[in-house]
């Protein structure tokens, strides 16, 4: 039982990270019907920027660990959000009227650009996050002692997801984002500036992705320049699993994928965890081709 | 002075010209109707005013301003709202969310609430279905919602595209009565209709469009009495 609960929590922590990244895929798809293949790399950029701030800028030495991490969290989210905004302006907006395939090619190009930029700037080796940042307390809940780090990742990702959901459902701008995702033309008739909304989505998604990059750095302790691809693929899978374009779907898909992976590693074999994860994806898509919470048909993919 | 003035408007979809230089004007407080068969260019005219399609040449002036210099979302801010062809309500959002989106550019909360109350007076059904998802409404209710949503912007000029399409005759009558009430409230109305008889009974003036040209314009009464209009649009 103890083993099961620990694996479940581990799965939720990893799944929370997947979900945060998946939100970026799904929100962009929602408003532009474009898979932003560079999104995973923005997440990697976040992890690296976090490392730079903590180590090279000595934030980790100047501030107590908790304050340093919190500050880095906010700064990186803002910086990656800005990069996401620029990405849309430079790589996607000029192609808006050029058909969907051109934008997809541009997205793949942007992904290669970011990966290689990270490799050139930082070098093609694994980097280690300062390990004294990892909280080393444990919390005992109902007889289970849970590593504080694990709990923190789960709490942070859930808080961010709830905040996003509140924003989307209960603010005027959140409603405008949903309207643009449903019908851009009708949204324009409401007086909504669609370009501004698209820019906003490219701020929110990458911002969350950048924050997730730091979570990975602190949780696992190490990052590499190709992590954007591996995590990006998983998060993209999570978005499809939940129903692409659907925000709660990305959250559910991410958490589910994380838990499935953790269980596969624990009770089957670590080497098979990806195979099991994708097997679950295939199974779910056979039963529900539009994903768990997706309503629209997937013909636009 | 005319509130809306269209002069020699040409619009192309790709290489096909669909409006061949139409001119029309709508004065403040009027109800003007645009009649014509499918494909005559009625909806294209409304979409050009809302700036969702670009004109190839010609000018559209609203309250003296050249709309060619404005983007679609800015046009709403100037005071033009549209209830589009096919209603295009946001199906996965509630009735109230749809209505509030209509007031996206209205900053004054008190005004927003009073407009909402007025719309619930015009369409009591919408108030009953306030929390319901728009996609689950009947066709007639969706039409009311599309009109209410446009009114939430507190427009000076309301563009209505085929509000009677697909509705039961009794409901058509009530929708047209509501348009009259909206007009009596000081909103100028440009009404696109296939139901020519009902539209002409309601309107002050009318234009007849045929394949991208204005072929006739007159007072509504004169058009109702016109033999060729009777033959082509009123069933003899």
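Every read-out reported here was derived from the displayed coordinates using simple, explicitly stated rules and does not represent laboratory data. Just so you know, these numbers come straight off a predicted model, no measurement behind them. When we count neighbours, we look across all protein chains shown, and the Cβ atoms used for this are built from the backbone with ideal geometry, even at glycine.
Given the C-alpha centroids of the stretch B:48-109 and the stretch A:118-187, what is the distance between them in whole angstrom?
Each part's Cα centre sits 36 Å from the other's.
Once all Cα-Cα distances of the stretch B:91-154 are split into 5 Å bins that start at 0, what whole-number percent is in each one?
4, 21, 34, 24, 12, 3, 0
How far is the Cα center of the stretch A:1-64 from the Cα center of the stretch B:162-208, in Å?
55 Å
Give me the one-decimal nm value for the distance between modelled label points at residue A:112 and residue A:220, 7 Å along each residue's Cα-to-Cβ direction.
Here the modelled spin labels are 2.4 nm apart.
Which semi-axis lengths, in whole Å and largest first, follow from the square roots of five times the eigenvalues of the Cα gyration tensor of the protein assembly as shown? Let's see the in-between values first.
Details: eigenvalues 587, 110, 84 Å².
Gyration-tensor ellipsoid for the protein assembly as shown: 54, 23, 20 Å.
What percentages make up the Cα-Cα pair-distance distribution of the stretch B:80-236 when the bins are 5 Å wide from 0?
The calculated distribution, bin by bin, is 2, 9, 18, 21, 19, 12, 8, 6, 3, 1, 0.
Computed FRET efficiency, Cβ-Cβ of residue A:78 and residue B:225, R0 56 Å: what is it to the nearest 0.05?
Details: r = 68 Å, r/R0 = 1.22.
So the FRET efficiency works out to roughly 0.25.
Under 10 Å, Cα contacts only: if you run a Gaussian network model on chain A, which one of A:267, A:122, A:220 comes out with the highest mean-square fluctuation?
Comparing A:267, A:122, A:220 in a Gaussian network model of chain A, the most mobile one is A:267.
If each DSSP helix of 4+ residues adds -39,500 (n - 2.57) and the sum is divided by the residues in chain A, what number results at 222 nm, nearest 500 deg cm²/dmol?
Numbers: 12 runs with 213 residues, N = 301.
So the calculated ellipticity at 222 nm is -24000 deg cm²/dmol.
Taking only Cα atoms and a 10 Å spring cutoff, compute GNM fluctuations for chain B and point out the largest among B:203, B:168, B:103.
B:168
Normalise the Cα radius of gyration of the stretch A:2-300 by 2.2 N^0.38 Å (N = residues in it) and let me know the number.
On the way: Rg = 18.8 Å, N = 299, 2.2 N^0.38 = 19.2 Å.
Cα-based Rg divided by the globular estimate yields 0.98.
Averaged over all directions, how much area does the convex hull of the C-alpha atoms of the stretch B:1-118 cover when projected, in nm²?
Working: hull surface 35.5 nm².
That works out to 8.9 nm², a quarter of the Cα hull's surface.
Say we join alpha carbon atoms closer than 10 Å with springs in a Gaussian network model of chain A; which of A:81, A:275, A:47 then has the biggest fluctuation?
Its mean-square fluctuation being the largest, the pick is A:275.
So if we plug the beta-carbon distance of residue A:100 and residue B:12 into 1/(1 + (r/R0)^6) with R0 = 35 Å, what FRET efficiency do we get, rounded to 0.05?
Values: r = 23 Å, r/R0 = 0.67.
Calculated transfer efficiency: 0.90.
Is it possible to state the helix-based mean residue ellipticity at 222 nm for chain B, with each DSSP H run of 4+ residues giving -39500 (n - 2.57), the sum divided by total residues, to the nearest 500 deg cm²/dmol? What is it?
Details: 10 runs with 91 residues, N = 236.
Value at 222 nm, helices only: -11000 deg cm²/dmol.
Quickly work out the residue A:138-to-residue B:173 label distance, labels modelled 7 Å from Cα along the C-beta direction, and quote it in nm with one decimal.
Taking the two extended label points, one gets 7.9 nm.
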